[in-house]
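A short worksheet on the structure shown next.
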Amino acid sequence: MIGLQVVAVPAEGSAGQKAGIYKDDFIIGVDGENIETVDQLIELMTEKAGILVNVELLRGQIVVSKVIEAGTLGINLVPEIVDGLLEKVASRQDALKAEPHLLEVILTTAPYVETRPVVETLDIVSAECVIGMNVFKDVFVAVRDMVGGRSKAYQNALGEAKQECLMELRKIAVSLNANAVIGVSLNYSEISGSGKSMLFLVATGTAVKLSP
């Protein structure tokens with residue numbers, strides 16, 4: 001599937017800016033119709049000008065819906081393949097549907113949760129994630145870094161690793177009958193060699209039971 005990546009921040013006062021569309025979002029649908037080309041989006045927005053439409057955005061690893069008035073959005077877009085990102089979103093959503101109680105586990109970097117004191121400290125927990133980053137991404141990153149640009153390849157990989165680690169931390173907490181992990185810390189490192197690199201992330205914290 002192809003989506004339209006926002007490559008420029010929406011103009012001040014534009015429909016896109018008012019709707020909360022940001023740089024690096026992907027427009028993937030309008031009113032349930034998949035959007036794969038800029039011309040398709042322009043045609044649809046022209047046909048429905050002045051009417052409220054539901055725009056589906058892929059932001060990081062979540063799908064966000066925005067209701068906006070159809071018309072000129074005031075944003076710059078380029079087509080990008082988003083199948084891999086959507087598969088990860090779907091996989092995470094399926095996991096949450098299978099184990100909805102995972103979302104009830106509180107994760108916080110603070111040493112406590114306000115209004116809910118710790119009634120039992122269970123164990124120190126950790127989750128590790130390793131993600132491969134191919135050579136082409138690494139070259140792209142190096143070029144962008146030299147000219148002061150944002151390293152999108154690294155940003156996406158870091159975001160993916162973070163979400164996976166936090167999900168694993170929730171699963172471990174549930175296995176200990178904990179309802180929170182406090183003092184969560186995220187540590188990143190890169191392992192390189194033989195023209196390849198791996199991104200390594202460790203999430204740690206203390207599994208606890210909080211009062212209801």
| field | Accessible surface, 1.4 Å probe, highest first, among residues GLU36, GLU47 | value | GLU47, GLU36
| Can you put ASP39, ASP31, ASP25 in order of accessible area, largest first, using a 1.4 Å probe? | ASP39, ASP31, ASP25
| remark: Nearest-0.05 FRET efficiency for ASP123 and TYR188 at R0 = 41 Å, using Cβ-Cβ distance, is 0.95
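The values are calculated or read from the model by the stated rules, or taken from the named source; none is laboratory data. Being a predicted model, the structure only gives us computed values, none of them experimental. Cβ coordinates were reconstructed from backbone atoms using ideal geometry, including for glycine residues, and neighbour counts include every protein chain displayed. Side chains included, ligands, DNA and RNA excluded: accessible areas come from the protein's heavy atoms. Shrake-Rupley method; radii C 1.70, N 1.55, O 1.52, S 1.80 Å.
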